[in-house]
1. Every residue in the range 44-76 that is under 35 Å from the mean Cα position of the chain (by Cα) and charged (D, E, K, R), please.
2. What is the number of the single condition among (1) closer than 25 Å to residue 83 by Cβ; (2) at pLDDT below 95 that residue 199 does not meet?
3. May I ask you to verify whether residue 226 is surrounded by 12 or more Cβ atoms within 10 Å (Cβ to Cβ), at pLDDT 95 or above and touching a helix residue (DSSP H, G or I) at 6+ places or on another chain (Cβ under 6 Å)?
4. (1) of a type in the set (Val, Ile, Thr); (2) within 30 Å of residue 226 (Cβ to Cβ); (3) under 30 Å from the mean Cα position of the chain (by Cα): which one isn't true of residue 136, the others all being true?
5. Go through the range 125-157 and give me each residue that's of a type outside the set (Val, Ile, Thr) and farther than 22 Å from residue 171 by Cα.
6. Could you check, for the range 70-80, whether at least one of its residues is of a type in the set (Ser, Thr, Tyr) and modelled with pLDDT of 90 or more?
7. Of all residues in the range 65-96, how many are small (Gly, Ala, Ser), within 22 Å of residue 39 (Cα to Cα) and touching a Leu at 6+ places or on another chain (Cβ under 8 Å)?
8. Which of (1) among the β-branched types (Val, Ile, Thr); (2) without any contact (Cβ under 8 Å) to a residue 12 or more places away in the chain; (3) under 30 Å from residue 47 (Cβ atoms) is the odd one out, the single condition residue 205 does not satisfy?
Amino acid sequence: MDANTDQSPTTTILDTLPADSIRVPNMPIHTFIQEAEDLHHWCQKDKEALTGAGLNWSIIDDLPHRARLLREAESHWFRERFSREEAEKEWNQSSPRAYELRDRLLRAMRYAFRNDAAILKRVSQITAGTGHADMIQDLNDIAHLGRDNPAPLQAINLDLAELDLAATLAQEMGSLLARVHGDRMENSSAKIRRDRAYTWLKLAVEEIRACGQYALFNNAERRNGYTSQYFRSRRAVSDDAGSNTTPEAAL
């Protein structure tokens, strides 16, 4: 089957999920996907009991597809997060140099233009703001101001090539900061799709588990398969920790 044909109906389903129904994962995604796939296998022996309790068997047949979709969506979101982390690392390495260049050029300009009130006022305006975005704009403004008024800068032996460097850094750092900020946003399309894919699988898992716990109420061994192993394990650890806590330690 063509990949685009396979994805189109799924995309429509995910896009139609109500915004207020979207869940945020409360356990590791890989663990949740594995539990969903394990649930699909576990259900096979209970088909008669589950369908007898009103469960539409198609939702069980659909579990592998939903799990596969979530795995792909998580991979896309992981790559985006990794890209953000790489951008942040690069920013942390490069930004000190950009700040140092800005401060050094502003200091040179305040000295070079000390007898020109009009230009000195423009230098003061450049120094007014704060923050990373402001620093990037400062570099670009400095480059323009210096290129328009080179003589006083040459008089103090400033290398005018640094103005070109300031303009170049402004472009590079602007793009880098956009990567850091853009990938950090909660409305990232990759994150939205991951959360929607998670919700779609979660809804199926919850419906199947609820039916299994009802239909197999009198069969503890089978009923146990319709709960989350992840949260059972966490509760067990919590219970063990609590049982080993003395009243004094609890205080």
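1. Within the range 44-76, 61, 62, 66, 68, 71, 72, 74 qualify.
2. Unmet for residue 199, out of (1) closer than 25 Å to residue 83 by Cβ; (2) at pLDDT below 95: (2).
3. yes
4. Single failed check for residue 136: (2).
5. 151, 152, 153, 154, 155, 157
6. Filtering the range 70-80 down to residues of a type in the set (Ser, Thr, Tyr) leaves 75.
Checking which are modelled with pLDDT of 90 or more leaves us with 75.
Within the range 70-80, one or more residues are of a type in the set (Ser, Thr, Tyr) and modelled with pLDDT of 90 or more.
7. 1
8. For residue 205, the failing item is (2).
The values are calculated or read from the model by the stated rules, or taken from the named source; none is laboratory data. Remember, it's a predicted structure, so these values are computed and weren't measured experimentally. Cβ sites come from the backbone with ideal geometry, for glycine too, and all protein chains shown count toward neighbours.
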